[in-house]
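Asks: Just passing along the structure, written as structure tokens.
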Amino acid sequence: MPHGTDASDAVREEARLADEIQDGANGGTPEEAPGSYTGPRAYEAPPPDEHDDPEFITRTRFLTNVALVSGGVLTAAILVPVIGFAVAPTVQSEKFRWVDIGPLSTFPSGQTTSLAVSGPDPEADRRIFLRNRDGMIIPIWNRCAHLGCPVAYSAGGDNYVCPCHGGAYNSLGLVVAGPPPRPLDRLAVRIVRGKTVVSESPTSASPGAPTRHAKPTDHILLGRPYSIDAQQQVFKLHPPGEPVTGILANLYPFT
Amino acid sequence: MTVKRIGRQNPAVQGTEELVDYVDERTGLNFGLRWFLFRNVPRGTSWFQTLGFTAMALFGLQAITGIILAMYYKPDPSVAHQSIVNITDHVTWGWLVRGMHKWGASAMIVVVFLHMGRVFFFGSYKYPRELTWLTGATLLILTMFMGLTGYLLVWDQRAYWATVVATNITSTAPIIGPYIGDILRGGPEFGPDTLSRFYSIHMLLIPIGIATFIVIHLYLITKLGIAEPPWSKRRLAAERAEEEERRRAAHERAPRGRIAVPPSEPGVPAPVRMEQAE
């Protein structure tokens, strides 16, 4: 069996090493044992060779190291730009800018209007639900907070339902059922008259942009999206699937 | 190996033999092929041991049909699905080749899992075949990744949203998950770049990886041989002898009247006393 063989091999190896050490202590040659012949010899011991020193850098070792280092440098010179090219552009966050979506009169009070907005991809079906109720405007993104499927707004129930895994949200986009870890994301919004900002959100005062002092001709601008928690506190935009509060939010320290 | 022949030979046979000798003399291919193909297998080797080859054959099928499909497929979001429809409905035997690729993919996943189960339940991953198991596990992951990237290329609603969900699941892995998701998608949102990215990964990056790991896997199998099945008498006897030896060593190590040392981990050699080894 391998165990016994291994052990006896190890013992034999140890014995051989011990013999060698003993030989070394005696000077390596049996002729130099004390009391032996001291006359002229036919055989001269060779002068010590520096190549036998394992620390000595021979030409071969030097060139081997040069080949290894230059090979590594060349490989890195190819791989670093290639991998950077494949990876670096992808980890930058999406750019958002303010977009004018028309006058306030387009979005009647007491209704939620569905609005297609441009995304990175025509297939993406990116929509904004502009909720104009309770004297304020809240633009809600249709990207489900669970895994990113497009939620559908049902005017009858005044709620949002995701077709993929049954996540359901109420009128404000807060979770009422299903797996989503946080409410639907929202967009920054401004109501402007010319260059004057009449009202905007998110602010600490209200979760949406108040329409109290706005005229029907004032325009609505949509801006950067942001995430919220169940109390409608504002957080940086998170990808789907990530909670913004609670212990699990610590799993994503860089987003 | 040249053999002196007496009498006339069939010139075709003679020519073939000379060609084989020519190549063998310069490459040693004869020995290599014999080493690879004509190995002893343990008694009790059965149909169970053919699952690995089946998985490899399915990979070959996927490679061949995939190369042909790539001649007609266009990885552009605006025409990708149309080119799929074109392959299925208009190209001669396109429905057949696409069907082979599609069902072959499902079959490959099934067979790879059966193969893994066989190796697991037969205990074939044990010493000295741990690295064969590890390369096989890598192949399993690469195969699953092949399934993910290939699923998107159909570019219909189901493919699109299923892959959105899959990449978002990837993003929910702790700490580095969001970055992996971004790298997969080619950005923070699913976009046109994702399709060409998945196409490149599906038909260049992973096939090269799978082929490389298949070569390593096969080399290890050829070098180490097929493991004996768990019901092999020889293997049972060997395992029993090992167990015996371990018990004996444990017994010698334990002072009399005390509780014996608990069994050592499997795979860790039992300690042997020096005087006993001598």
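The values are calculated or read from the model by the stated rules, or taken from the named source; none is laboratory data. Values in this document were obtained by computation on a predicted structure and should not be read as measured data. Glycine gets a Cβ as well: all are built from the backbone with ideal geometry, and neighbour counts include every protein chain shown.
Asks: Please verify whether B:Gly66 is part of a helix (DSSP H, G or I), surrounded by 14 or more Cβ atoms within 10 Å (Cβ to Cβ) and either at pLDDT below 95 or not basic (Lys, Arg) (or both), treating the condition exactly as stated.
Replies: Details: part of a helix (DSSP H, G or I): yes; surrounded by 14 or more Cβ atoms within 10 Å (Cβ to Cβ): yes; either at pLDDT below 95 or not basic (Lys, Arg) (or both): yes.
Criteria met by B:Gly66.
Asks: While we're looking at this one, here's another question. Just to be sure I understand, how many residues within the stretch A:203-255 are under 24 Å from A:Gly102 (Cα atoms), charged (D, E, K, R) and either touching a Phe, Trp or Tyr at 6+ places or on another chain (Cβ under 9 Å) or in a helix (DSSP H, G or I) (or both)?
Replies: 1
Asks: Among the residues of the stretch A:168-189, how many are under 25 Å from the mean Cα position of the chain (by Cα) and assigned to a loop (DSSP other than H, G, I, E, B)?
Replies: Total meeting the criteria: 7.
Asks: Select from the stretch A:92-101 the residues that are surrounded by 12 or more Cβ atoms within 10 Å (Cβ to Cβ) and away from chain B (no Cβ under 14 Å) and list them in ascending order.
Replies: Correct list: A:Trp98, A:Val99, A:Ile101.
Asks: Report whether or not A:Arg186 is of a type in the set (Lys, Arg), away from chain B (no Cβ under 13 Å), buried (at least 18 other Cβ atoms within 10 Å of the Cβ) and in contact (Cβ under 8 Å) with a residue 24 or more places away in the chain. Please lay out each step first, then the result.
Replies: Numbers: of a type in the set (Lys, Arg): yes; away from chain B (no Cβ under 13 Å): yes; buried (at least 18 other Cβ atoms within 10 Å of the Cβ): yes; in contact (Cβ under 8 Å) with a residue 24 or more places away in the chain: yes.
Yes: the conditions hold for A:Arg186.
Asks: Quick test of your reading of the structure: B:Ala166 fulfils all but one of (1) outside any helix (DSSP H, G or I); (2) within 24 Å of the chain's Cα centre (by Cα); (3) hydrophobic (A, V, I, L, M, F, W, C). Name the failing condition by number.
Replies: So the condition that B:Ala166 fails would be (1).
Asks: Does any residue in the stretch B:232-249 that is within 11 Å of chain A (Cβ to nearest Cβ) come within less than 7 Å, Cβ to Cβ, of a residue that is surrounded by 13 or more Cβ atoms within 10 Å (Cβ to Cβ) and among the polar types (S, T, N, Q) six or more places away or on a different chain, and which pairs are these?
Replies: Hits for this filter: B:Arg246/B:Ser264.
Asks: Another question about this same structure. Just a yes or no: is a residue in the stretch B:143-155 without any contact (Cβ under 8 Å) to a residue 12 or more places away in the chain and out of contact with any Phe, Trp or Tyr (no Cβ under 7 Å at 6 or more places or on another chain)? Break it down stepwise before answering.
Replies: Step one: list which residues in the stretch B:143-155 are without any contact (Cβ under 8 Å) to a residue 12 or more places away in the chain, which gives none.
Checking the stretch B:143-155: not a single residue is without any contact (Cβ under 8 Å) to a residue 12 or more places away in the chain and out of contact with any Phe, Trp or Tyr (no Cβ under 7 Å at 6 or more places or on another chain).
Asks: Given the criteria touching a Pro at 6+ places or on another chain (Cβ under 6 Å), over 19 Å from A:Arg143 (Cα atoms) and crowded, with 21+ Cβ neighbours inside 10 Å, does B:Leu195 qualify? First the steps, then the outcome.
Replies: Values: touching a Pro at 6+ places or on another chain (Cβ under 6 Å): yes; over 19 Å from A:Arg143 (Cα atoms): yes; crowded, with 21+ Cβ neighbours inside 10 Å: yes.
Yes, satisfied.
Asks: I'd like the full set of residues that are outside any helix (DSSP H, G or I), facing another protein chain (nearest Cβ under 7 Å), without any contact (Cβ under 8 Å) to a residue 12 or more places away in the chain and closer than 18 Å to A:Leu237 by Cα, limited to the stretch B:173-192.
Replies: Going through the stretch B:173-192, the residues outside any helix (DSSP H, G or I) turn out to be B:173-176, B:186-191.
If we keep only those that are facing another protein chain (nearest Cβ under 7 Å) as well, we get B:174-175, B:186-191.
Narrowing the set further to residues that are without any contact (Cβ under 8 Å) to a residue 12 or more places away in the chain leaves B:174-175, B:186-189, B:191.
Hits for the stretch B:173-192 are B:Pro174, B:Ile175, B:Gly187, B:Pro188, B:Glu189.
Per-residue answers, yes or no, for (1) within 14 Å of chain B (Cβ to nearest Cβ); (2) charged (D, E, K, R); (3) under 18 Å from A:Gly173 (Cα atoms); (4) within 24 Å of the chain's Cα centre (by Cα):
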{"position": "A:Val82", "(1), (2), (3), (4)": "yes, no, no, yes"}
{"position": "A:Thr90", "(1), (2), (3), (4)": "yes, no, no, yes"}
{"position": "A:Ser105", "(1), (2), (3), (4)": "no, no, no, no"}
{"position": "A:Gly119", "(1), (2), (3), (4)": "yes, no, no, yes"}
{"position": "A:Glu123", "(1), (2), (3), (4)": "yes, yes, no, no"}
{"position": "A:Met136", "(1), (2), (3), (4)": "no, no, yes, no"}
{"position": "A:Val151", "(1), (2), (3), (4)": "yes, no, yes, no"}
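So that you can scan it fast, the table gives a plain yes or no per residue for (1) without any contact (Cβ under 8 Å) to a residue 40 or more places away in the chain; (2) within 25 Å of the chain's Cα centre (by Cα):
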position: A:Val161; (1), (2): yes, no
position: A:Ser206; (1), (2): no, no
position: A:Gln233; (1), (2): yes, yes
position: A:Lys236; (1), (2): yes, yes
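Asks: Condition first: more than 21 Å from A:Lys236 (Cβ to Cβ), of a type outside the set (A, V, I, L, M) and assigned to a strand (DSSP E or B). Can you find one or more residues in the stretch A:140-147 that meet it? Before the answer, list the steps.
Replies: Filtering the stretch A:140-147 down to residues more than 21 Å from A:Lys236 (Cβ to Cβ) leaves none.
No, the conditions are met nowhere in the stretch A:140-147.
Asks: Give the stretch B:148-164 a look and list any residue that's out of contact with any Gly (no Cβ under 7 Å at 6 or more places or on another chain) and within 7 Å of another protein chain (Cβ to nearest Cβ), or say none.
Replies: Result: B:Tyr160, B:Trp161.
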